[in-house]
Amino acid sequence: MYTQLDIETHFDGKLKIAYLNQPETMNALTKPSLSDLKDFISDCNNDDTVRCVAISGRGRAFCSGQNLDDAFVQGNEHHDNDIIRKIVVDYYNPLVTEITHCRKPVVALVNGPAVGAGAMLALICDFVLAVDKSYFAQAFSNIGLIPDTGGTYFLPKLLGRQLANYLAFTGKKLSAEESKSHGLVAEVFTEEEFVPKSMEILERMANMPTAAIKLTKKAFAQSYNNTLKEQLELEGDLQQEAAETEDFIEGVNAFLQKRKPNYKGR
């Protein structure tokens with residue numbers, strides 16, 4: 001179904017991992033891979049069995065950014081700006097929307113370098129788990145472009161204006177540990193620990209009350225534009241919605257009965 005992705009399913013279908021699978025180009029993004037990834041996220045979002053989604057890369061890189069050979073029409077020496085806009089609008093923007101609006105937690109498993117659009121693909125996910133040998137680089141300025149894939153929206157919010165400007169203007173590489181210190185990465189693991197430790201976290205996420213996580217994501221997203229008064233009102237509305245879920249009832253019963261909850265994501 002997905003010609004550019006390698007899909008793994010774990011924990012009785014509750015976790016799905018999509019691996020970018022063009023290691024010969026360090027998993028550079030193409031129009032087909034962007035479409036496949038968007039469809040994958042959409043399919044997971046609509047599949048009630050799936051409770052957690054992850055994105056990673058095969059080989060030595062997470063993602064090296066846009067494949068420039070794929071971006072330009074053969075023989076177009078002037079790199080027509082209309083072509084770039086079409087790729088951004090038709091391929092990148094729908095993917096950003098699918099990831100950020102997904103009802104399930106979406107986790108980036110950064111197994112190696114994440115550059116340009118590849119860095120932003122990781123950073124628009126709900127959180128990032130990275131191997132210590134990986135790095136992140138906003139390399140757009142190196143070829144005369146601006147950060148896309150949600151970069152101009154998320155980078156100032158994640159980093160503040162000064163550091164967002166510095167990284168976007170210079171294309172400086174940040175190691176995994178530096179990225180963690182700046183709040184871009186949740187956890188950093190050694191190469192030996194990366195797979196088992198990441199899978200422990202993903203298993204936990206796959207068994208969490210997914211309905212509440214969906215509402216938390218919604219509240220965080222709206223906080224960017226809300227006043228405090230509006231956000232407090234929203235919290236009241238969403239908390240009531242959370243309290244009406246089967247997961248909330250199960251969580252309370254499990255607490256009172258001193259047992260482990262069995263959440264269904266409903």
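The values are calculated or read from the model by the stated rules, or taken from the named source; none is laboratory data. Since we're looking at a predicted model, the values are computed, not measured. Cβ coordinates were reconstructed from backbone atoms using ideal geometry, including for glycine residues, and neighbour counts include every protein chain displayed. Surface areas here come from the heavy atoms of the whole protein model, side chains and all, with no ligands, DNA or RNA. Shrake-Rupley method; radii C 1.70, N 1.55, O 1.52, S 1.80 Å.
Give a residue-ordered list of calculated ³J(HN,Hα) values for the stretch 234-244 (Karplus: 6.51 cos²θ - 1.76 cosθ + 1.60, θ = phi - 60°; whole Hz; x for Gly, Pro).
Per-residue couplings from phi come out as 5, 4, x, 5, 6, 5, 5, 4, 5, 5, 9 Hz.
To the nearest 0.05, what FRET efficiency results for Ile143 and Glu191 with a Förster distance of 30 Å applied to their C-beta separation?
0.50
Of Leu159, Phe169, Ala243, which is farthest towards the positive pole of the stretch 153-266's charge dipole, taken about the Cα centre with +1 and -1 on the beta-carbons of Lys, Arg and Asp, Glu respectively?
The residue sitting most towards the positive pole is Phe169.
What list of ³J(HN,Hα) couplings, whole Hz, do you get for the stretch 191-197 from phi and the Karplus terms 6.51, -1.76, 1.60, once you set θ to phi - 60° and write x for glycine and proline?
Running phi through 6.51 cos²θ - 1.76 cosθ + 1.60 with θ = phi - 60° gives 4, 5, 7, 4, 5, x, 5 Hz.
List the residues whose amide H sits under 5 Å from the amide H of Leu29, counting only those 5 or more places along or on another chain, with H placed 1.01 Å from N in the peptide plane.
For Leu29, whose amide H was placed from the backbone, the distant partners under 5 Å are Ser64, Gly65, Gln66, Asn67.
How much accessible area per residue does the chain have, counting only protein heavy atoms and a probe of 1.4 Å, in square angstrom?
52 Å²
What does the charge count around Ala130 come to, taking other residues whose C-beta lies under 12 Å from its C-beta (Lys +1, Arg +1, Asp -1, Glu -1)?
Local charge sum for Ala130: -3.
Let me know the shape class of the stretch 71-200, please: from the alpha-carbon gyration tensor, a ≥ b ≥ c as square roots of the eigenvalues, rounded when a/c is under 1.5, otherwise prolate if a/b is greater than b/c, or oblate.
Since a/c reaches 1.5 and a/b is larger than b/c, the shape of the stretch 71-200 is classed as prolate.
With +1 on each Lys and Arg Cβ and -1 on each Asp and Glu Cβ, and nothing else charged, work out how big the dipole of the chain is about its Cα centre, in Debye to the nearest 20.
It comes to approximately 540 debye.
By how many degrees, 0 to 90 and rounded to 10, does the Cα axis of helix 31-46 deviate from the longest principal axis of the chain?
Tilt of helix 31-46: around 10 degrees.
So, with a 1.4 angstrom probe, what is the percent of accessible area on the chain that is carbon and sulfur?
Here carbon and sulfur together make up 52 percent of the probe-accessible area.
Tell me the angle of helix 210-223 to the major Cα principal axis of the chain, expressed in degrees between 0 and 90 and rounded to the nearest ten.
60 degrees
Could you rank the peptides 211-224, 127-140, 46-59 by their average count of other C-beta atoms within 10 Å per residue, with the highest value first?
127-140, 46-59, 211-224
Rounded, prolate or oblate: pick one for the stretch 143-266, where a ≥ b ≥ c are the square roots of the eigenvalues of its C-alpha gyration tensor, a/c under 1.5 means rounded, and failing that, prolate if a/b is larger than b/c, else oblate.
oblate
Any idea how far apart Asn253 and Glu233 come out in nm if each label point goes 7 Å out from Cα toward Cβ?
3.6 nm
In the chain, if the dipole is taken from +1 on Lys/Arg beta carbons and -1 on Asp/Glu beta carbons about the Cα centre, which of Leu29, Gln231, Leu129 is farthest to the positive end?
Farthest along the dipole direction, towards plus: Gln231.
Using label points projected 7 Å from each Cα along Cα→Cβ, tell me how many nm separate Tyr166 and Thr49, to one decimal.
Simple spin-label model gives 4.8 nm for this pair.
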